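To start, the structure itself, in structure tokens.
Just so it is clear, none of the values below were taken in a lab; they were calculated from the coordinates. Keep in mind that what you see is a predicted model, and the values were worked out from it rather than measured. Here the Cβ positions follow ideal geometry from the backbone for every residue, glycine too, while neighbour counts run over all protein chains shown.
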Amino acid sequence: MVVAAGCETYRIEYHKRPGYYRSAAVQQNETVTLDDGTVLVFTTRETPGDPAAGVGGSPVPGDEGRAAGDRPAFQIREELDDGTVILRALLPQQVLVNMLTCLRNQEYELIWDQLLAERTKHNYELREQGFAEFETFCVTHRMELAATLTRMMLGLSRSEAFMKNVDGGVVRFYFHPRVAPEFKFKTVEVISENGGLKLLIIR
């Protein structure tokens, strides 16, 4: 849609996004204005196949014997009655969503315990500060990390961000060159580990 306001003409684009973007984002703005003046307006939809809901509404492994209507959806984040939180990821995008939610909630120990790859934790521990150094990094760069993750997920459908497989079971998310200069962090890597996916690095 192109709108004329006085002597100025600007463009409005309407996009539907999965519901998990709203729940995961640190800042939940419904409109975004790009450098060229284009206004992006986001509405939220819920679909069974959203990465946050699961893989096409797949059941939890081991529940195949239940009736179809009784099958629980795969949950990437499950909060138990005793307050315990369990993070899961079978798709690379689910790692990014979990990371965003944890950043929003400032759950840095949860990221360390369940979301971070063992290789990454080992590298921190080699410098003898371990979790303390990781937590300081997250606190210091929380907003910049959230901005990168949010735009990266939204950008996948607009050719502003891309996802590709690289060596060693690593999946890399990266920005288009025209978008990358806007962000402090430009690349996210996810790795397959112990039957799931973990966050390897954000740089």
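Remark on VAL170: its backbone amide H falls under 5 Å from none of the residues 5 or more positions apart or on other chains, H modelled at 1.01 Å from N.
Using the Cβ of THR140 as centre and a radius below 12 Å, the other residues enclosed give a net charge of -1, where K and R count +1 and D and E count -1.
Dipole magnitude for the range 108-196: about 560 debye, using +1 per Lys or Arg Cβ and -1 per Asp or Glu Cβ, origin at the Cα centre. Taking a sphere under 15 Å around the Cβ of ARG127 and counting the other residues whose Cβ falls inside, with K and R at +1 and D and E at -1, yields a net charge of -2. Computed from the Cβ-Cβ distance with R0 of 22 Å, the FRET efficiency linking ARG142 to ASP167 stands at 0.15. With both labels modelled 7 Å from their Cα along Cα-to-Cβ, the LEU156 to GLU79 distance reads 2.4 nm. Here is the list for the range 111-142: GluC sites (Glu not before Pro) lying in DSSP coil, each with at most 11 other C-beta atoms within 10 angstrom of its C-beta, are GLU128.
Taking the Cα centroid of the range 74-148 and of the range 151-168, what is the distance between the two, rounded to the nearest whole Å? Their Cα centres are 20 Å away from one another.
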